[in-house]
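Heads up: the structure comes next, in structure tokens.
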Amino acid sequence: AATRLFRVVTENASKLMSGTAPLSDNDPELASGASRLTITAGIGVAFFRRIGLESMIPEGFVDIPAYDIDRLESDWSGGDFLLQIGSDDPVVLAHALRHMTRSIRSFAQPKWVQRGFTGTPAVSTETGTSRNLMGQVDGTVNPRSEQEFDAQVWAPTSTGWFAGGTMLVLRRIAMTLDTWDSLDTTGKELAVGRKLWTGAPLTGDKETDVPDFTAVGSSGLPVIPPFAHIRRARFAQGSAPFLRRPFNFDDGINLKGEHQAGLIFAAYAANIESQYIPVQNALAKQDLLNRWTIPVGSAVFAILPGYLENGLLGESLLR
């Protein structure tokens, strides 16, 4: 059954991403023009147990521990099988989502759908970093070169069947934007540790400048406060960074008059346990941004390695 599921996903996704309608497509005219459509597949920890391959769980692929800051809701958490779909055209995206969901309904039922978007990458011509709904540049400290991706994101050959795959941590983070908006610019910058307009650290001029965590101001206090977000995020990072690919979400105002908006934080790492969890531990303890952010969803997925032409998604796991 797992093989059939992966074959259906492989055949349908490859057609859609090439701008061609699959044979079972009820709306083939909507498949014309892929608009950089991507469909990425991943499996949760429980998926391995469901198919009797618990011994094949990659080293370091673990669930995120519970934190005091969490207010997790089942509507946004967990899951056995992930399809992450992206496109420059929202119509193409909606069609791909509908078709892919319909094509695998004999194997799986939807647990949740999270819709996210990114801003125009115009903060910096050097990095192309976009902003989140708090106005911050988000994703500055990311791998850039092929060598950095090999070291930080892609699983090495020593991982066997998982070589070339990666691990995804997905955290849905609600933002209390009304209280955040009551802060002045200085307060916001101190909480983050970066200048809002340029994304530069408070000790620098450009977004890509390395923060100086030893710098003190005329008052004798650290220029970047001890509990500023960038200081806490770097606290345990050291030689094990990872790829951040955040998406914004804005679901409007609910019946209580509350603005439902925030961040769908996606982090990709070769090893969740050694790369991501130490950083999350530090952030959960003493990050100033915890006053305005509430994690309401959490999930982890092993993103399956790519395959050659005429190959099959997940073939290295199931062979």
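The values are calculated or read from the model by the stated rules, or taken from the named source; none is laboratory data. Keep in mind it's a predicted model, so treat the numbers as computed, not measured. Positions of Cβ are generated from backbone atoms using ideal geometry, with glycine treated the same way; all protein chains shown enter the neighbour counts. Side chains included, ligands, DNA and RNA excluded: accessible areas come from the protein's heavy atoms. Shrake-Rupley method; radii C 1.70, N 1.55, O 1.52, S 1.80 Å.
General remarks:
- Placing unit charges on the Cβ atoms of the charged side chains and taking the dipole of the chain about its Cα centre, the candidate lying farthest along the positive direction among Ala163, Gly128, Leu317 is Leu317.
- Counting only Cβ charges, +1 for Lys and Arg and -1 for Asp and Glu, the dipole size of the chain around its Cα centre is about 460 debye.
- Inter-part distance where region 1-80 and region 160-196 are each reduced to a Cα centre, Å: 24
- The chain - percent of accessible surface contributed by carbon and sulfur, probe 1.4 Å: 53
- In region 258-319, the C-alpha radius of gyration followed by the widest Cα-Cα span (Dmax) gives 17.1, 50 angstrom.
- Pairs from Lys111/Lys256; Lys188/Lys285; Lys111/Lys195; Lys195/Lys256 whose Cα-Cα separation, in the structure shown, is over 30 Å: Lys111/Lys195; Lys195/Lys256
- Region 199-237 and region 273-299: distance between their alpha carbon centers, rounded to Å: 19
- More than 26 Å apart - percent of Cα-Cα pairs taken over the chain: 51
- Distance distribution note for region 242-281: the fraction of Cα pairs above 14 angstrom is 58%.
- Sequence ranges 274-283, 13-22, ranked by mean other-Cβ count within 10 angstrom, highest first: 274-283, 13-22
- Fraction of alpha-carbon pairs over 14 Å apart in region 47-125 - percent: 76
- Region 177-319: translational diffusion in µm²/s, Stokes-Einstein, Kirkwood Rh over Cα pairs, 10 °C, 1.306 mPa s: 88
- Descending semi-axes in whole angstrom, ellipsoid equivalent of region 157-209, from the Cα gyration tensor: 35, 19, 7
- Here the average projected area of the convex hull drawn through the C-alpha atoms of region 1-152 stands at 11.9 nm².
- Using every pair of distinct Cα positions in region 212-296, the Kirkwood expression returns a hydrodynamic radius of 15.0 angstrom.
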